[in-house]
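As structure tokens, the structure follows; a few thoughts come after it.
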Amino acid sequence: MARIDKLIQAMHQAKATRLALESGERVVLHTEGGARPVTPQPVPLDHLVQLVAEIAPQDNPAVATTEGKHHFSYAAPSGPVAITVVRSNGSLRLEATPGGGGQALATIQGLFAKLVKEGCSDLHLSAGSPPLFRKDGDIVRLDDAPPYTPAQTRELLFSITPEDKRTRFDEDHDVDFSYEIPGLARFRCNLFLD
């Protein structure tokens, strides 16, 4: 069991929207009622690096020591979470949000990160097509990603869609919602089926 699992369990039990750990700061749970510290002492950088290393994905074990922003999912015993790790100027920040969707979540979060990095305004995912981006008014491919199957497209989109919106989509074939990646951006999303 990873040491961060107890903090993630506390997040789930409190029905918090986010758990934030930052080097030199106290651990904070964010709930609808506001932010509340859950540790008496700040988290030292070396301790936070160890916590991240325990849950880092096998294909990117150095997320805690590599500069930049990294997104991955973690299957904590109390439930899955989406993890964002930011290493910048000698500091480290980890944010966990409930409901990580495994590889699909990591994939779509990577696409959102690419959208922001490339200065695009929209991401278009459609069954039978590769990911497309709106950049400077034009729809473009930014890499050589293969087309997604209908099942893959649904899995990607449902990894970020709230449960009540999934139900509505299945009934109406059209739904709007927002999705936030802490520290990156908040995205307006529309799913439709024709």
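Remarks
- Note on the chain: with a GNM built from Cα contacts shorter than 10 Å, the maximum mean-square fluctuation among P77, P130, P146 falls on P146.
- For the pair D136 and E54, a Förster radius of 30 Å applied to the C-beta separation gives a FRET efficiency near 0.10, rounded to the nearest 0.05.
- What the chain shows is 55 Å² of accessible area per residue, with the surface traced by a 1.4 Å probe over protein heavy atoms.
- Largest to smallest in accessible area, the residues T31, T161 fall in the order T31, T161 (1.4 Å probe, all protein chains included).
- Sites count as exposed loop sites when they are trypsin sites (Lys or Arg not before Pro), lie in a DSSP loop, and have at most 12 other Cβ atoms within 10 angstrom; the longest stretch of the chain without one is 16-140.
- With contacts taken as Cα pairs under 8 Å and at least 6 residues apart, the chain reaches a relative contact order of 13 percent.
- Using the Cβ-Cβ distance between D122 and T17 with R0 set to 30 Å, the FRET efficiency from 1/(1 + (r/R0)^6) comes to roughly 0.75.
- Amide H contacts under 5 Å for E25: V43, restricted to partners 5 or more places along the chain or on a different chain, H placed in the peptide plane at 1.01 Å from N.
- Only protein heavy atoms count here; on that basis, with a 1.4 Å probe, H47 has an accessible area of about 70 Å².
- Only lysine pairs 8 or more places apart, or on different chains, with alpha-carbon atoms under 20 angstrom apart are counted in the chain, and they number 6.
- Overall form of region 44-133 per C-alpha gyration tensor (a/c, 1.5; a/b vs b/c): oblate
- Segment K165-N190, length gained on full extension (0.36 nm per residue, minus Cα span): 8.0 nm
The values are calculated or read from the model by the stated rules, or taken from the named source; none is laboratory data. Here the structure is a predicted model, which is why all the values come from computation and not from measurement. Quick reminder, even Gly has a Cβ in these numbers, built from the backbone with ideal geometry, and neighbours come from all protein chains shown. Areas reflect the complete protein model, heavy atoms only, side chains present, ligands, DNA and RNA absent. Shrake-Rupley method; radii C 1.70, N 1.55, O 1.52, S 1.80 Å.
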